[in-house]
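In what follows, a structure is listed as C-alpha cells, so that the remarks can point back to it.
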Amino acid sequence: MTESDQHPYVEWIAGEARRPVVTDPAARERIMMAVRTEPLPQRRSRVWQRVFEPRAFRLSPVASTLLAAGLVGIGLIAGKVANNRDVRSPVGEPKVPAVVQQLPVSPDTVVKFVFVAPQASKVSVVGDFNGWDTTTTPMVRTPNSSVWTVTLPLTTGRHVYSFVVDGSTWSADPSAPLAPDDGFGRPNSVRIVGRGSAL
Amino acid sequence: MTLAPWGWVIKQNMSDDAADVRRVLAGDVDAYAALVDRYYDRCARFAVRMLGNRDDAEDALQVTFVRAYRALDRYQERDRFSAWLYRILVNQCRSIAARRAHREKVFVREEALLLNAPDRSTSWTGEDEEFVQRVLSELDPLLREAFLLKYIEEMSYEEMSTLTGVGVSALKMRVKRACDRLRERWERIKHD
C-alpha cells in the first residue's frame, strides 16, 4: 500500500481524491474541433526534415572541379588569416588542404529492399525516408514467388525502417540489425547506406 | 468507477497509443480522438484536483491536448505517450496556477458545479467533494502536485522525477510535507 496509510485522515483524503471527476461531455469534442484547425504535424515534420536532413548531390565533372577549386581557395585564405605569420611549407609537399579529399560529391545511392511474405496481399516499406507513410512506398511481388521488393534512391547515412504487411502488421527486416526501441513498440531495422549502389 | 493505476495504464495502452500516433502522423486526424478519449478522464482528474475548479482544468486540458497534437511529429524520439502527455499537462497546470494566483484562491463555489453529476455512483457526494477539494487547495502548489502524482495518480518516485524534472529526494520531501500538513490540519480539527 501507500505511505499515506500511516494516517487515516491522509488516506481518506487520498481515497476521495482518487474518484473520477465529472467533466463537460462536450469538452472532448471542443478539443477535436481545435485540433482539426491545426496543420497536420506530419507536414511540418517533413518541411523540417527537408531543411536539415543530409542529402546527396549530383555534380558534373566541371561543377565538381569548380567546387573543389573554390574550397581550396577558401581553405588557403582561411589558413592565411588564421596563421597570419610566415610559415613555409616543406619542400615538395602539396599546399592543398585535406578538405579536398572529402568533397561530398557522391551520387544518390540505390537501395533494394527485399521481404518474404507468402500470405501477404500487399507489403510496403516505411521509414525515416518517407515519413513513415504506409502508402508512399508499396513493394512489388516477384511473379510466382513470395518475395516482395522495391528499389529506392536513398541519401547516404543511417536509415531506420520497417515493413508493413497488409497495411497493419509491422515487421522488422530479418536481414538487418534491429533499431533501438522508439517508444512505439514497433520492430524497426537499421540500414547504413554508403556511397554507390547498394543493390 | 475507478481509474487504473499509472503503471497498468502505461503497459496496457502502449501499443494502442503507438498505432494511433502513427495513424495521426499518416494523416488520419480523427485517430487523435482515440488518444483524447483514452486519457481525458485521467488528465481531468489531475487537473481538477490540482487547479481546484473545472473551468481552469478544462482550459488546461484543451491546451494540453492541442499542444501534444502540434508536437506529435517530435514525439517519436520521446517516452511513452502517456508520460509525455502528462508532462505537458503538469507544466500547463503550473502555468495556469501561476497566472491565476492572484485570483480568489478557494474554488468551492465553482467546484459545486461538479456536484450536479448525472451518475452519483461515479462522482463524489457534495460535502466530501467540496471538503476534499478545499483541503487540497490549501496545500502549497508544489506539495499538492507531488501529493497528487504520488497518491492519486499512484506513480513511482522515478516516474514522478522523469515527469517533473525534480529529483527523487526532493519529491519525497514534498510528499512528506504534504502529508504533514494534512495531519496538522486533522489535529486542528480535533481540537476545535
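The values are calculated or read from the model by the stated rules, or taken from the named source; none is laboratory data. None of the values given here were measured: they were computed from a predicted structure. Backbone-built Cβ (ideal geometry, glycine too); neighbour counts: all protein chains shown.
If I ask for residues that are at positive phi and surrounded by fewer than 15 Cβ atoms within 10 Å (Cβ to Cβ), which ones from segment A:141-180 would you list? Result: A:144, A:166, A:167.
Screening segment A:144-199 for strands (runs of 3 or more DSSP E) wholly inside it with 3 or more residues that are within 15 Å of residue A:116 (Cα to Cα) and at pLDDT 85 or above returns the ranges A:147-154, A:157-165. If we keep just the residues of segment B:44-68 that are within 20 Å of residue B:154 (Cα to Cα) and more than 10 Å from chain A (Cβ to nearest Cβ), which is surrounded by the fewest Cβ atoms within 10 Å (Cβ to Cβ)? Across segment B:44-68, the extreme among qualifying residues is B:52. Here segment A:114-140 is the region considered, the condition is being touching a residue at least 12 places away in the same chain (Cβ under 8 Å), over 16 Å from the mean Cα position of the chain (by Cα) and in a strand (DSSP E or B), and the residue that is surrounded by the most Cβ atoms within 10 Å (Cβ to Cβ) is A:123.
Annotation note: of B:139, B:85, B:148, B:115, the sole residue that is within 16 Å of residue B:44 (Cα to Cα), modelled with pLDDT of 90 or more and within 11 Å of chain A (Cβ to nearest Cβ) is B:148.
Condition check ((1) over 26 Å from residue A:21 (Cα atoms); (2) in a helix (DSSP H, G or I); (3) in contact with an Asp or Glu (Cβ under 8 Å, 6 or more places away or on another chain)) across all residues:
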residue	(1), (2), (3)
B:143	no, yes, no
B:166	yes, no, no
B:169	yes, yes, no
B:172	yes, yes, no
B:181	no, yes, yes
B:184	yes, yes, no
B:187	yes, yes, no
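One residue is enough: does segment B:167-179 have a residue meeting the conditions within 13 Å of chain A (Cβ to nearest Cβ), over 13 Å from residue B:94 (Cβ atoms) and touching a residue at least 40 places away in the same chain (Cβ under 8 Å)? Among the residues of segment B:167-179, not one is within 13 Å of chain A (Cβ to nearest Cβ), over 13 Å from residue B:94 (Cβ atoms) and touching a residue at least 40 places away in the same chain (Cβ under 8 Å), which makes the answer no.
The helices (runs of 4 or more DSSP H) found wholly in segment A:2-72 and carrying at least 3 residues that are facing chain B (nearest Cβ under 7 Å) and at pLDDT 85 or above occupy A:8-17, A:27-36. Scanning segment B:147-160 for residues that are assigned to a helix (DSSP H, G or I) and either more than 12 Å from residue B:90 (Cα to Cα) or in contact with a Lys or Arg (Cβ under 6 Å, 6 or more places away or on another chain) (or both) yields a total of 8.
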